[in-house]
Structure formats: structure tokens, C-alpha cells
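The values are calculated or read from the model by the stated rules, or taken from the named source; none is laboratory data. Here the structure is a predicted model, which is why all the values come from computation and not from measurement. Every residue, glycine as well, gets a Cβ built from its backbone with ideal geometry; the counts of neighbours run over all protein chains shown. In case anyone asks, the SASA skips ligands and DNA or RNA and just uses the protein heavy atoms, side chains included. Shrake-Rupley method; radii C 1.70, N 1.55, O 1.52, S 1.80 Å.
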Amino acid sequence: DFILVSQLDVARDLAGFPFKITSGLRTPEKNAEVGGVGGSSHIKGLAADIAAPIEAGLREKMAWALGLAGFKRIGSYDRHFHVDVDESKAQGVMWFGKDK
């Protein structure tokens with residue numbers, strides 16, 4: 001999705017360091033294999049998972065950049081951030097979870 005990629009580019013530029021996308025568009029089969037939720041925005045091509053940096057301060061800088069770039073749906077997990085531009089879901093939300 002053009003909006004997803006554009007916002008990721010803006011966030012990366014704001015953060016000032018590369019983002020490693022670990023998951024993007026998934027087939028329903030791949031989504032089930034990785035433990036994704038039913039109705040995942042990944043299946044629609046509207047979501048990306050990005051490896052969270054482990055260096056001090058960079059995780060917070062990435063979260064800041066994602067928000068400033070316009071993401072209205074951000075999930076923070078142990079080792080990654082999930083972002084999506086799925087307007088069919090609640091907007092203006094951030095959630096926290098554990099990696100599987």
C-alpha cells in the first residue's frame with residue numbers, strides 16, 4: 001500500500017537510521033503459521049512489522065518517529081513494532097504485547 005510505504009519512509013527519515021522490516025504482506029496461510037490474528041491487516045497489505053532497535057534511546061526514537069509520521073495504529077512488542085494503516089480498525093491507538 002502506497003500510504004504504508006510513504007509513512008514508513010517518513011518515519012525512517014525522522015528517526016535518522018534504517019528500519020528493518022521483518023514482515024509485510026502475508027498470505028492467510030503464512031499469517032496462521034506465524035501466529036497472526038484473524039483479520040490481520042498484514043493479509044490486506046496494510047501492515048508492517050519493524051525490528052525494534054536494542055540500542056539505548058533508539059527504540060523510543062523509533063516510536064516517536066512512527067507517531068510523527070502519521071501512524072495511528074502502533075503495536076509495541078518485545079522485539080518489534082507493528083504499524084498499520086487499516087482504516088477499518090480503531091484509530092489513535094497504541095498497544096503493547098509480547099513476541100510469540
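Accessible surface calculations at 1.4 Å, restricted to protein heavy atoms, place the chain at 59 Å² per residue. With equal scatterers on the alpha carbons only and no solvent term, can you work out the Debye log10 of I(q)/I(0) for the chain at 0.11, 0.15, 0.24, 0.25 1/Å? Log10 of I(q)/I(0), two decimals: -0.29, -0.55, -1.43, -1.53. The magnitude of the dipole of the chain, with charges of +1 and -1 set on the Cβ of Lys/Arg and Asp/Glu and taken from the Cα centre, is near 140 debye.
A Gaussian network model of the chain, with springs between Cα atoms under 10 Å, assigns the largest mean-square fluctuation among 13, 84, 49 to 13. Count the DSSP beta bridges whose two residues both fall in the chain, then state the antiparallel fraction as a percent rounded to the nearest 5. So the antiparallel bridges in the chain amount to around 70 percent. Straight Cα distances below 20 angstrom link residue 20 to the aspartates and glutamates 1, 9, 49, 55, 60, 78, 84, 99, with same-chain residues fewer than 8 positions distant left out.
The angle between the Cα long axis of helix 58-68 and the longest principal axis of the Cα atoms of the chain comes to about 70 degrees, rounded to the nearest 10.
When the chain is treated as a GNM with alpha-carbon contacts under 10 Å, the residue of 75, 39, 24 showing the greatest mean-square fluctuation is 39. Note on the chain: with neighbouring protein chains present and a 1.4 Å probe, carbon and sulfur make up 61 percent of its accessible heavy-atom surface. Taking Cα atoms only, the orientation of helix 2-15 departs from the longest principal axis of the chain by about 30 degrees.
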